[in-house]
Amino acid sequence: MTPLLEVRDLMMHFPVREGVLLRSRHTCRAVDGVSFSLAPGETLGLVGESGCGKSTLGRCVVRLLKPTAGQILFDGADLAPLSRAALKPIRRQLQMVFQDPVESLNARHTVGQTLEEPLLIHGLGDAAARRTRVRELLAQVGLSAGAEEKYPFEFSGGQRQRVGIARAIALHPRLIVCDEPVSALDVSIQSQVLNLMLDLQRSLGLSYLFIAHNLAVVKHVSDRVAIMYLGRIVELAGADEIYARPRHPYTRALLAAIPVPDPRRRRAPALLAGDVPSPIHPPAGCAFHPRCPHATDRCKVETPTLRDVSTANGNTPSPHTVACHYDL
């Protein structure tokens, strides 16, 4: 199947300016050579600790940020070098749901104005058609028609995120980047929003790049999972495969940290030592080696590349790749 989205060697580096003259003295390597693909109708979960670069990667994919290098092939067209004007027609097919619905919604606009805005920007329909479309969107996300006259502060967090999802699907997109869409919500509401997103995916044929730090949530919605650490993908495989047979020490530590919903079951978590290193001064060799219990001298000087380890585990529906020197 031809990928809907293909990211090749994507880099997003930010200059770090210091001194009175604000000269660029260092570089923050937020995304440092990431490659992956996403098929039509597929959900790819992107997981990692805070500061690993996953949100920056998502913003690059929808071109809210212009990447330093690499390619973003959407339906075969490279978005990376395009100007703002050239991107406008493509943005109808490429949308984003943000983490914080309070910050991402304009407090001065009613919900109706918020949902009508993308239709106005792209010149779609007359006033009556836009009003009809707004009511359709509210119904699709489980909100009443009366919600269009209200302001964001009049809703709960879960309802505000439903508005954000409605805005994202307003232009009939093919791909939505979801940047931790449920992490700011109560646990009781998270499952409702996730189920809504799955229903919309089935009915509208959407593809999701689902960014999160909670592996339990990602397992519920993803077809494949990519594990990201300090700007790079360190493991990528089908969701069932990566939960059953994790191959990277970092992935194993993340899985061990998932709470067990049974007080009678006990397991020793593989806790990580220390914090994520600075992307301004990343470690030499494998970036994970200062925290890895299996690190050797080779790990300190040689950077591992993603390699296919699928054959070691028998036949799998999708390749299983890992960036580690050793078969653990």
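Here, each number is a calculation from the coordinates, and none is a lab measurement. This structure is a prediction, so every number in the text was calculated from the model and none was measured. No Cβ is skipped: glycine too gets one built from the backbone with ideal geometry, and neighbour counts run over all protein chains shown.
Could you go through segment 14-23 in sequence order and give the Karplus-derived ³J(HN,Hα) for each residue, using 6.51 cos²θ - 1.76 cosθ + 1.60 with θ = phi - 60°, rounded to whole Hz, and x for Gly and Pro?
10, x, 9, 9, 9, x, 5, 8, 6, 7
Rounded, prolate or oblate: which fits segment 223-328 when a ≥ b ≥ c are the square roots of the eigenvalues of the alpha-carbon gyration tensor, with rounded for a/c under 1.5 and prolate only if a/b beats b/c?
Verdict is oblate for segment 223-328.
Toward the positive end of the charge dipole of segment 223-328, about the Cα centre and with charges on Cβ (Lys, Arg +1; Asp, Glu -1), which of 324, 289, 231 goes farthest?
So the residue we want is 289.
Which net charge results for the neighbourhood of residue 248, defined as the other residues with beta-carbon distances under 14 angstrom from its beta-carbon, given Lys and Arg at +1 and Asp and Glu at -1?
Around residue 248, the surrounding residues sum to +1.
Under 8 Å for C-alpha pairs, at least 6 residues apart: give me the relative contact order for segment 41-112, rounded to a whole percent.
Averaging sequence separation for qualifying contacts and normalising by length gives 17 percent for segment 41-112.
So which lysines pass the test for residue 66, namely a Cα distance under 25 Å, with those fewer than 8 places away in the same chain ruled out?
Correct list for residue 66: 54, 88.
Which value at 222 nm does the chain reach when only helices count, each DSSP H run of 4 or more adding -39,500 (n - 2.57), with the total divided by all residues and rounded to the nearest 500 deg cm²/dmol?
-8500 deg cm²/dmol
What residues from segment 84-107 fall in the zone where the backbone N is under 17 Å from a label point 7 Å along the Cα-to-C-beta line of residue 153?
Taking a point 7 Å out along Cα→Cβ of residue 153, the residues of segment 84-107 whose backbone N falls under 17 Å are 101-107.
As an exercise, use a Förster radius of 35 Å and the Cβ-Cβ distance of residue 78 and residue 265 to find the FRET efficiency, rounded to the nearest 0.05.
Calculated transfer efficiency: 0.10.
Could you list which residues have their amide H under 5 Å from that of residue 26, counting only those 5 or more apart in sequence or on another chain, with H placed in the peptide plane?
16
In segment 152-196, which residues have a backbone nitrogen under 14 Å from the label point lying 7 Å from residue 144's Cα in the Cα-to-Cβ direction?
155-156
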